[in-house]
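We did not get these values from a lab; they are worked out from the coordinates using the rules stated. The model shown is predicted, which means the values in this text are computed figures rather than measured ones. In this analysis, Cβ positions are derived from the backbone assuming ideal geometry, glycine residues included, and neighbour counts consider all displayed protein chains.
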Amino acid sequence: MKSFRDKRRDSRPRPARSEPARQRDTFAPARPQSRTGERTETKSADRQEAKPAPRVLARRDGVLPAERLPLILEVAPNADYALLDSGAGEKLEQYGPYRIVRPEGQAIWQRALPAKEWERADAIFTGDTDEEGIGRWRFPKTPLGETWPMKHDGIDYLGRFTSFRHVGVFPEQASHWDHMAGLIAATRRPVKVLNLFGYTGLASLVAARAGAEVTHVDASKKAIGWARENQEMAGLADKPIRWIVEDAVKFAEREERRGSRYDIVLFDPPAYGRGPKGEVWQLFEDLPGLTDLCRSILTPKPLAVVLTAYSIRASFFAIHALMRDTFAGMGGTVESGELIIREKSAGRALSTSLFSRWVA
């Protein structure tokens, strides 16, 4: 749908594609592009580019879109993924056949399941949990491979243990994916989707399966490699997806100049990051300009623009106001709120991110 990215509180780095899976009890890959400060690859000083002049912005005329808020989009436990329990700063998740324990700073309550249920975990993330640090996975039972087969709604992909505690998918995004697929199917015409900061490609695969022509952009070559691997695994190699290694802002600027237009734009930027040539991204400084760009590259009859924000010290009201101002005069509705995962054990809600989306 990085950061990448403690995102929203759970630093979400975007894992990098690494060498073929092999049996071992720890995995410490090269630093991934992530969603929060994580979405950066190490660059030497001589490769960094000077930051271009900011986009000149002016408040748009026109009636503001209608609004719907707060909107809480919920992911419930299912056969592919379940948040089994949480508490004491950790979460117990089920990814297909595997139980995984990872840190969760927001889980300030107490666990609902007994200790024996947590002790059944197949993989436990340990060590440094800071977004800039390197942690490791411990496998209490059988050492697991670096990757393992997973599914989302019938789409096969690879889960992967990374040193930033992430596993290659953010399940809360399923609410956006389902909404997007519904828009594509209901339109009954060719639809072009742009997925900026696309990471491992599940949103792109969902869109392509629904019938859209997709352009997937990420600054990490490794992440793009992983996404292409997921396309092959999903049996969607024949679907029209362009995989592009590029800084998201630079790509959007070029599309604006070239007159390229999209019906749906997804963007999930990090709080801080660097592009492939050292371009610096600061969310609060750069988000208004990128949001404006996203409006400028829409088709005459667009469907939606979806913004997700992780690990930022702000209310969703901030990005809600930004989206309404940006889409003034476009009609439609701006819907904003939080993405949550509903826990299986006690039914508690774990909030993972803020979002705002304009829907025509």
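Here the average projected area of the convex hull drawn through the C-alpha atoms of the stretch 282-360 stands at 6.0 nm².
Taking 0.36 nm per residue of separation and subtracting the Cα-Cα distance, what length does fully extending R120 through E256 add?
That works out to 43.8 nm of additional length.
Starting from 0.36 nm per residue, how many nanometres of slack lie between R188 and D238 once their C-alpha separation is accounted for? Can you show the working numbers first?
Details: separation 50, 0.36 × 50 = 18.00 nm, distance 2.00 nm.
Value of the extension gain: 16.0 nm.
Here the label points at A66 and A328, each 7 Å from Cα along the C-beta direction, are separated by 2.1 nm in the simple model.
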